[in-house]
1. Compute the distance in nm between two label points, each set 7 Å from the Cα along the Cα-to-Cβ direction, one at B:SER28 and one at A:LYS148.
2. Counting other C-beta atoms within 10 Å, and keeping those with at most 14, which DSSP coil GluC sites (Glu not before Pro) do you find in segment A:242-339?
3. Report, as an integer, the average count of C-beta atoms from other chains found within 10 Å of each Cβ along B:38-51.
4. So for the pair B:ASP20, A:VAL440, with labels modelled 7 Å out along Cα→Cβ, what separation do we get in nm?
5. Return the calculated 222 nm mean residue ellipticity for the protein assembly as shown, to the nearest 500 deg cm²/dmol, obtained by summing -39500 (n - 2.57) across DSSP H runs with n ≥ 4 and dividing by the residue count.
6. Quick one: length gained pulling A:ASN388 to A:LEU448 fully straight, 0.36 nm per residue minus the C-alpha distance?
7. Checking the cross-link filter: which aspartates and glutamates have an alpha carbon closer than 19 Å to that of A:LYS357, excluding same-chain neighbours under 8 positions apart?
8. Give the peptides A:245-254, A:360-369 in descending order of average Cβ contacts within 10 Å, highest first.
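Read-outs: derived from the displayed coordinates by stated rules, not from any lab. The structure displayed is predicted, hence computed values, not measured ones. Glycine also receives a Cβ, built like all others from the backbone with ideal geometry; neighbour counts cover every protein chain displayed.
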Amino acid sequence: MVFSSLIFLYGFLPLCLISYSAASSVRSRNFVLLIFSLLFYAWGEPKRIVFLLLSVVVNYLCGLAAGGKKQPLRKPAVAVSLIFNIGMIGVFKYSGFLMENINAIFGTHFPVPHIVQLIGISFYTFQVMSYVIDCYWEKTVPQRSFLKFLLYVSLFPQLIAGPIVRYSTIAEEIDHRTTTLSDLSKGLNRFVIGLAKKVVLADQLFRIVDAFFGSTPEKLTVLGTWYAVIVYSLYIYFDFSGYSDMAIGLGLIFGFHINENFEHPFLCKDITEFWQRWHISLGSFFRDYLLPLPVFGIRNKYLSLALVWLCTGIWHGAHWNYIIWGLYYGAFILLETKIGRKRMRKIPLVLRHLYNKLVIIIGFGIFYFEDTAQLGTFLRNLTFFNPNGFFSYAEQMSLYNNLFLIIAAVICTFPLLKLPEMLKKKYGRSEALVSAAGTVCTTGLLVLSSILLVDATTKAFLYFRF
Amino acid sequence: MNREQVMAKLTEIFRDVFDDDSIVLHDSTSAKDIEDWDSLEHINLIGAVERHFRMRFTMKEVSGMKNVGEMADILCERAGK
């Protein structure tokens with residue numbers, strides 16, 4: 001099921017909220033959330049829940065053993081968990097890609113498996129791996145209740161496309177939580193803002209991207225290619241951060257405080273900072289669990305950097321462009337490391353912004369084109385080697401027709417939600433006035449999003465496929 | 001090697017890794033106090049400490065160290081074994 005669908009907004013969510021409110025104890029509320037979470041995941045394709053449950057059972061047992069008192073079992077439990085989880089992702093996500101490449105390199109003709117990828121596998125698998133490792137490292141106490149552990153993994157706000165929530169973040173709240181009026185209000189606002197990011201901005205921006213990149217990207221002009229890839233960069237930000245906003249908002253509604261996943265990434269001053277602001281939960285996973293790993297038995301920041309960015313690329317998908325994309329970012333972070341922070345700061349801010357925006361935008365182009373031949377054409381078309389000219393009439397018309405949408409999207413990349421607080425402080429506006437204005441805006445965005453949803457076919461979030 | 005000697009050696013290593021002779025270490029010194037001490041430089045620092053003290057930190061230790069004091073504690077504990 002998709003958050004940005006009428007069935008979710010006006011069927012699933014109200015029903016879940018009513019049942020949740022009717023339950024009096026945390027225990028019964030957990031049960032309600034668990035049932036709705038499993039229903040959410042099973043919606044449309046019930047068979048996939050079997051693999052989720054299998055993963056939960058294996059990692060529940062591994063967590064108990066890894067964090068248990070029987071010393072001989074601790075390490076093997078982590079090993080079993082890692083082999084199982086990486087194996088699961090390997091089979092469901094990468095087996096086809098691996099076989100295709102083996103056939104291409106060695107000239108063999110092994111059958112290429114076409115396994116349907118399980119939605120959200122990369123997210124929940126990383127969650128359970130972090131849980132088992134944290135149990136082993138004694139950073140968290142293993143959860144003894146199977147149902148509570150199942151709730152942690154399957155909690156529907158974050159199950160399908162993150163953020164990758166660490167068990168320690170919500171462990172306390174699984175046992176004891178209350179939803180305050182403030183949390184409920186913040187949660188609802190945050191959810192609607194995320195919904196609007198997805199439906200009002202991302203889905204509309206995607207129409208432009210699809211019109212240009214979706215059919216004949218090789219025929220785009222220089223400016224047309226830049227136009228399409230800039231719009232795609234905005235699209236991917238609003239699509240993914242919109243989902244994260246909805247997840248965080250839903251979490252708050254049910255009393256869970258999930259960590260932020262985006263901190264206005266386009267405001268970054270360099271690429272290193274971009275990755276401290278973009279998909280934070282994935283970056284912190286690799287920082288905590290992969291970066292300290294000695295590569296070939298050696299602790300060296302360059303080898304670790306290469307490993308982390310190779311894995312970041314691979315995590316995003318089973319295509320070469322994602323691997324190129326990951327290593328591309330690794331190369332720029334290496335460059336910034338070599339230059340050093342002090343020297344980076346001496347570069348004029350305008351140049352730093354220009355540099356990182358160029359890298360980010362071209363990076364998203366690499367991210368888009370899974371076909372490496374098309375990727376090559378895209379990179380050529382960004383330059384004056386493009387044989388299609390500078391700017392076509394169709395591209396100009398698209399830009400004029402969508403100028404308002406694009407300007408609105410660019411403005412929304414800034415931290416607009418800090419405005420009410422600023423207004424309160426600077427002009428002494430009353431809490432009630434700011435709160436009333438906020439409610440009007442949220443209601444307006446909900447109505448607008450609903451109207452757009454009635455008129456559109458539901459588009460899944462891009463990160464569902466990861 | 002006592003704790004003071006460990007801290008003195010660590011100071012040398014920190015100054016070398018971060019290329020800053022003004023670094024003075026205390027138990028509470030953490031990544032917040034040294035500008036270039038980020039997660040990536042932490043790996044180089046750990047590598048340098050391991051080479052100097054001829055020991056190997058576990059993944060848990062590398063990931064969990066909060067400050068220089070904790071690093072020194074681990075080194076003293078290993079030296080005592």
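1. Label-label distance for B:SER28 and A:LYS148, simple model: 3.5 nm.
2. Within segment A:242-339, the qualifying GluC sites (Glu not before Pro) (loop, at most 14 other Cβ atoms within 10 Å) are A:GLU260, A:GLU263.
3. Numbers: counts 6, 11, 11, 3, 6, 12, 6, 2, 4, 7, 1, 1, 3, 1.
That average works out to 5.
4. Rounded to a tenth, the inter-label distance reads 5.0 nm.
5. Per the formula, -21500 deg cm²/dmol.
6. Details: separation 60, 0.36 × 60 = 21.60 nm, distance 3.85 nm.
Length difference between fully extended and current span is 17.7 nm.
7. By straight Cα distance, A:LYS357 reaches A:ASP239, A:GLU263, A:ASP270, A:GLU273, A:GLU336.
8. Final packing ranking: A:245-254, A:360-369.
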